[in-house]
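The values are calculated or read from the model by the stated rules, or taken from the named source; none is laboratory data. Not measured: the values here are computed from a predicted model. No Cβ is skipped: glycine too gets one built from the backbone with ideal geometry, and neighbour counts run over all protein chains shown. Protein only, heavy atoms only, side chains kept; ligands, DNA and RNA dropped before computing areas. Shrake-Rupley method; radii C 1.70, N 1.55, O 1.52, S 1.80 Å.
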Amino acid sequence: MVKKKTAFSLLTSLVLAGSLLAGCGDNKTAESAPPGSANANAGTPSAAQSSEFTFYYTGSQNVDDLWKALIPMFEEKNPDIKVKPVYVASGTAAQPTYDKILAAKQAGKGSGGVDLYESGVDDVTKGQKDDLWDTLAADQIANLNNVDQQTLQDVSNLAIPYRSSAVLLAYNSDKVPNPPKTLDELYDWIKNNPEKFAYNDPSTGGAGSSFVTTSIYKFLPEDAIHNSDPSIESQWTQGFDLLKDLGKYVYGKGIYPKKNQGTLDLLASGEVDMIPAWSDMVLDQLDKGQLPASIKMQQVTPGFNGGPTYLMVPKESDKKDAVYKFLDFVLSPEAQAVVVSKMHGFPGIKLSNMPQDIQDSFKGASDGFRTFNLGDLGTEINKRWQSEVAAQ
């Protein structure tokens, strides 16, 4: 059961017009066993009953804290399976882990000792092109039935969305008693309050990326947010013109801080009064007293894009049965209650599968949330933003 404090904070810390969906030591890793070795049969039930697999994940400290809570819970229920965590701290980038998996596959060396990998949709998409990820199904992971099927289809069942976060407006309620409720109202507020709004360089963090992408796709049909066809780039011009025009009104008349934390620091110091921010980061820092109590959050309509964090199983891993058991546990209501409590975000499974007190905590909070699945177009957006917006 989620603590009452968490449920209360989710209801009272957020001022929601639309939606909230929640929004990073080297260990030795074993190489995949060659054919014919004892571990080569790890796909059999007997091997999974006595197995250790390696799990690479990245994120902020709260992500590491989450897994330090969940892994012992799983191992207590499954004493013959050991999870070997490898935490890659936020800011050091997950790219080396992806490269490790890809290089091992290309060299015929299994999965490079990586049996489970946590990352974002960009790595899911890259891995689909590189044929890295195992296709996941409910006959292997029963609790996969509890996950929204459209979200799974968006990633071709190659990844599990085990938690979600949203980007919302974070604002100083002492300075902004009536925050914008729509995108158009937000753009007007930015122009009427010069240098009091900031968003981070979209290539350095998802909050800034969400603001940029949502502004571009404001002028496109709703179904475009699930379109990864490069031909759609010809329809971006109006959105980029808007972003260029806003440049002279944002913080520093065109200064774009690095990383999600960069704009949160500006908000905390009072240099700006409003930013786009990940909901989970804001709630976590409010709980820790790192943000003033006057900081509130509100979604706009149409909503900023947010989305899940994913778990992927390398296709070449020889520990799949053990990993499947772990994933089934992660998608259980028991584990997902811990996700909600520690990450201040939405569970990866449908709310109807969660305990009633958690369902009650999120009443009215999930309406209007949007996930974007643009494939490689996100990279092209960042390139064009750098040349047309940041460089002006």
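A few comments on the model shown:
- Those residues of the stretch 294-331 whose amide nitrogen sits under 19 Å from the label point placed on residue 128, 7 Å along Cα→Cβ: 305-316
- Rg over Rh for the stretch 160-259 works out to 0.98, using Cα positions for both radii and the Kirkwood form for Rh.
- Computed extension length for residue 379-residue 77: 104.6 nm, one decimal, from 0.36 nm per residue of separation with the Cα-Cα distance subtracted.
- Segment residue 137..residue 109, full-extension length gain: 7.6 nm, with 0.36 nm per residue of separation and the alpha-carbon distance subtracted.
- Tail fraction, Cα-Cα pairs, the stretch 201-244, threshold 14 Å, whole percent: 49
- Kirkwood-type hydrodynamic radius, the stretch 275-331: 15.0 Å, calculated from all non-identical alpha-carbon pairs.
- Residue 386/residue 233 FRET efficiency (R0 25 Å; Cβ-Cβ; nearest 0.05): 0.95
- Within the accessible area of the stretch 159-238 (1.4 Å probe), percent carbon and sulfur: 42
- Solvent-accessible surface (1.4 Å probe) assigned to residue 52 amounts to roughly 90 Å².
- Net charge in the neighbourhood of residue 385 (other residues with Cβ under 11 Å of its Cβ; Lys, Arg +1, Asp, Glu -1) is 0.
- Distance-filtered residues of the stretch 278-314 - backbone nitrogen under 17 Å, label point 7 angstrom along residue 192 Cα→Cβ: 300-301
- If only the Cβ of Lys and Arg carry +1 and only the Cβ of Asp and Glu carry -1, the dipole of the stretch 271-365 around its Cα centre is close to 200 debye.
- Probe 1.4 Å, accessible area per residue of the stretch 190-347, Å²: 34
- By accessible area, using a 1.4 Å probe on protein heavy atoms only, the stretch 239-392 has 48% of its surface on carbon and sulfur.
- Dipole-positive endmost among 147, 120, 106 within the stretch 90-153 (Cβ charges, Cα centre): 106
- Share of alpha-carbon pairs per 5 Å distance bin for the stretch 69-154, given as whole %: 3, 10, 17, 20, 21, 20, 9, 0
- Ligands, DNA and RNA are left out, and with a 1.4 angstrom probe the accessible area of the stretch 71-148 is 46 Å² per residue.
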